[in-house]
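Some notes on the structure that comes next.
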Amino acid sequence: MLLEGSKLSKEDQESQLDDDFEHFQQHKGESIHDYYVRFAKLMNDMRNIKMIMSRMQLNSKFVNNMLPEGGVSEMSAIELIALRTSGLDRLGKWKDLYKLYVSSPLCGKALVLTNAVRWRKLRILIRFLFFTCIIALLLLLTFTNLPYPLPFTTTNTNCSGDSPRCTTIKQPPKPKQPTKDNLHTSDVPHHPLDPLTLNELNKVREILLSNTLLRNTDKYALHSIVLEEPDKSVMLRWKYGDELPARKASVIARVNGVTHVLCVDIGTGQVTPVDVGEKSGYPTMTIEDMTSATWAPLGNLEFNRTIMARGIDLKDLACLPISLGWFGTKEENRRLIKVQCYSMQGTVNFYMRPIEGLTVVLDMDTKEVIEINDNGKNIPIPKAAAMVRDPNSGEMRNVMYKGFTSELFVPYMDPTDAWYFKTYMDAGEYGFGLQAMPLDPLNDCPRNAYYMDGVFAAGDGIPYVRSNMVCVFESYAGDIGWRHSESPITGMEIREVRPKVTLVVRMAASVANYDYIVDWEFQTDGLIRVKVGLSGILMVKGTPYVNMNQVNEVENLHGTLLSENVIGVIHDHYITFYLDMDVDGPDNSFVKVNIKRETTTPEESPRLSYLKAVRNVAKTEKDAQVKLKLYDPSEYHMVNPSKKTRVGNPVGYKLVPGGTAASLLDHDDPPQKRGAFTNNQIWVTPYNKSEEWAGGLFTYQSQGEDTLAVWSERDRAIENKDIVMWYTLGFHHVPCQEDFPIMPTVSSSFDLKPVNFYESNPILNIPPNVEKDLPVCNAAASA
């Protein structure tokens, strides 16, 4: 045994103890008590120098080195408990000794002691849990019965005095906030135009699955389940407090390869087919369509060989579904999709690593690979319902019944085999709302934003919730709503300024590589601004070139060389908005106020020319078609001829275009036939409930026979009628190196501005900002 105070080194001590442990055994004539004590001392010495032995080693050593004639009769009850709880009785080699131990008169005594110890511990635990529950219950009763929330202290910035730093001030108690049902299981509609709730979507699915159309098949997909809006005449009569009209759902279902449009009465369970006429196209793709298409090529041996031949690991593959448009009879009678892939190796920005020239054509209904085109083997993969309150009368007045993004047309300007078909209809083919993504608090929207969730239905009809789909916030960027100062020349000291404060409603959709941020801004002067921001990541093309000096002068790259082996392809974006203007009522007229130059004679004036406003009221649809021209300027008014101001002007709102672009494609080009709604920037049509989607109801692989341009050919009457205005916001995008590898946000907008709608400027009633009403902070940066 190692004696206390030994001068041996730690290594020598370990060696000696290891030897003692190896040869440890019960001496002849040694009682089991002495044997146990000696073993315990050895264990203590080993622990002192931190020699680690497993429980199994210790148990095995103790049992195996006990003399066969050794017994347990001399052991005390405490020692028996120690042995029992050490795990010795679980060893197979202890079985014989354990039989002796069990038959010993001390065994019962040991068991009683063991059970007594356990019962005492259990009683302590029960007491602790009992008193904890009592205290928790008392606290709960106390807090829930308080007449007001407990006061709290929060850190605010208050630097208006001489203090060099912000201080902590006490806030008044906050009012109790309503609880939010994050699962939306308790949502109920309060307004006839409220979207279908989660429970209503479940009910619609239940009704459809019990209907004969879907009952006996599993080959179906529900491409769209949305509210079947009540007729506009019903809505205009409805007031808050009235009973809601019957809630119905409009469903686009594809069953056994055939498309059906259905109206489902949620209350009665009745399913009514809707005749929408002959359509050449297909419904918007479901999320399941897109997801399954990206994986389908991996089941094809030829495709996998092509990928591996490029030295790409299949696990590094990222594939995207791409709508193929329509270019003739080849695409007819089959719901097809093209898939193109990228390499994720060494990057999360896989859009910068296209596998150029490789395109897979799939049948979306069968998931069969129809065709594989591989023309890029030698191209390297690059490295890496609106109302306005009149401020004078307090009356609520209509401006617009409904406004939304109707279609997005994004044609790429590369006619080569792997790119010619990239002429996307992002709303009709992919679903603009379906691609909306949760907003990131503090980054997508400011601190004071209120968030709204979205409820969607999957392809099988099962509803699901996406949080933070829309944010609403008040914005003040330091802009001026109105100001005027008088100079000392007049002898008056006047300086009046009013801030421009805006209520913003925002959503963002991520359609593959591009992100679209759409803001509806409502300003205090009655102006409504619709702003679209484009951001995200470029869709690029692979190339063998690493420098422009390698490119022949006559060669067309169809874009810009952004980096080694990377071309950003030229493309356009056209966002068409549906604006059902109801200025002080549904019957409106479209007035083009043309700005004309008038000349004078020397006898009339020293001036040679001046400008004159000529009002032209559009009688029919073709009168209202507008191509914006810089040198033929006009204003575009939507007026109510039946209601005038006190001085006799018709009340109205005018469309004020912002920066925009026009399509330069040939009108006979198949993509432009489908996107013919971009032939004009402004259209006006009579209200028709079935005419809401500029690219047609079934856009996927459509041939352009059901678009805004086709409807307008009927040249229907629009004067003093319930009419809809359509406006297209356009962007030409010639990529530059600053767009690589991520794009800064580029924005454009248009305004709906009151024109003789108010008797005077409503901003007169807005108070100026006062120091005491605003938080004041020192400039600081986040840690």
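Identify, please: which residue in segment 713-723 is on the phi < 0 side of the Ramachandran plot and part of a loop (DSSP other than H, G, I, E, B) and is, among those, surrounded by the most Cβ atoms within 10 Å (Cβ to Cβ)? Among those that are on the phi < 0 side of the Ramachandran plot and part of a loop (DSSP other than H, G, I, E, B), it is ILE718. Checking each residue in segment 724-743 for being surrounded by 18 or more Cβ atoms within 10 Å (Cβ to Cβ) and charged (D, E, K, R) picks out only ASP739. Are any of the residues in segment 536-546 under 23 Å from MET743 (Cβ atoms), outside any loop (DSSP other than H, G, I, E, B) and within 23 Å of the chain's Cα centre (by Cα)? Yes, there is a match, as at least one residue in segment 536-546 is under 23 Å from MET743 (Cβ atoms), outside any loop (DSSP other than H, G, I, E, B) and within 23 Å of the chain's Cα centre (by Cα). Looking at segment 467-479, I want the residues that are assigned by TED's automatic domain parsing to the domain that holds TYR516 and have a partner that is hydroxyl-bearing (Ser, Thr, Tyr) and surrounded by fewer than 16 Cβ atoms within 10 Å (Cβ to Cβ) with Cβ atoms under 6 Å, at least 6 apart or on another chain. Which pairs are those? These pairs meet every condition: VAL472/TYR450. The single condition from (1) over 30 Å from SER760 (Cβ atoms); (2) at pLDDT 95 or above that THR660 fails is (2). When you scan segment 617-637, do you find a residue that is assigned by TED's automatic domain parsing to the domain that holds LEU752, touching a Lys or Arg at 6+ places or on another chain (Cβ under 7 Å) and surrounded by fewer than 11 Cβ atoms within 10 Å (Cβ to Cβ), even just one? No. Looking at GLY376, GLY394, just one residue is among the small types (Gly, Ala, Ser), on the phi > 0 side of the Ramachandran plot and at pLDDT below 85, and that residue is GLY394.
Here is the figure for segment 299-356: residues that are over 20 Å from LYS541 (Cα atoms) and among the polar types (S, T, N, Q) total 4. GLU302 falls short of the stated requirement of being within 28 Å of the chain's Cα centre (by Cα) and under 29 Å from THR347 (Cβ atoms). Regarding VAL271, is this residue buried (at least 18 other Cβ atoms within 10 Å of the Cβ), over 30 Å from the mean Cα position of the chain (by Cα) and under 30 Å from ASP365 (Cα atoms)? Yes: the conditions hold for VAL271. Against the conditions (1) under 19 Å from TYR412 (Cβ atoms); (2) surrounded by 18 or more Cβ atoms within 10 Å (Cβ to Cβ); (3) hydroxyl-bearing (Ser, Thr, Tyr); (4) modelled with pLDDT under 95, SER510 satisfies every one except (2). Of the candidates ALA296, ALA318, the single residue that is farther than 30 Å from GLU705 by Cα, modelled with pLDDT of 85 or more, within 24 Å of the chain's Cα centre (by Cα) and surrounded by 14 or more Cβ atoms within 10 Å (Cβ to Cβ) is ALA318.
The condition of being among the aliphatic types (A, V, I, L, M) and surrounded by 18 or more Cβ atoms within 10 Å (Cβ to Cβ) holds for only one of LEU538, LEU503, that being LEU538.
Of the residues that make up segment 527-534, is at least one touching a helix residue (DSSP H, G or I) at 6+ places or on another chain (Cβ under 6 Å), surrounded by fewer than 20 Cβ atoms within 10 Å (Cβ to Cβ) and among the charged types (D, E, K, R)? No, segment 527-534 contains no residue that is touching a helix residue (DSSP H, G or I) at 6+ places or on another chain (Cβ under 6 Å), surrounded by fewer than 20 Cβ atoms within 10 Å (Cβ to Cβ) and among the charged types (D, E, K, R). Here GLY403 meets the list (1) under 26 Å from PHE473 (Cβ atoms); (2) in a loop (DSSP other than H, G, I, E, B); (3) at pLDDT 90 or above; (4) not hydrophobic (A, V, I, L, M, F, W, C) almost entirely, failing just condition (2). Step by step: first the residues of segment 301-315, then only those that are touching a helix residue (DSSP H, G or I) at 6+ places or on another chain (Cβ under 9 Å) and surrounded by 11 or more Cβ atoms within 10 Å (Cβ to Cβ), then the one that is farthest from GLY459 (Cα to Cα). Which residue is that? Once the filter is applied, the top-ranked residue is MET308.
The values are calculated or read from the model by the stated rules, or taken from the named source; none is laboratory data. As the structure is a computational prediction, the values presented were derived from the model and not from experiment. Every residue, glycine among them, receives a Cβ derived from its backbone with ideal geometry; neighbour counts consider all protein chains shown.
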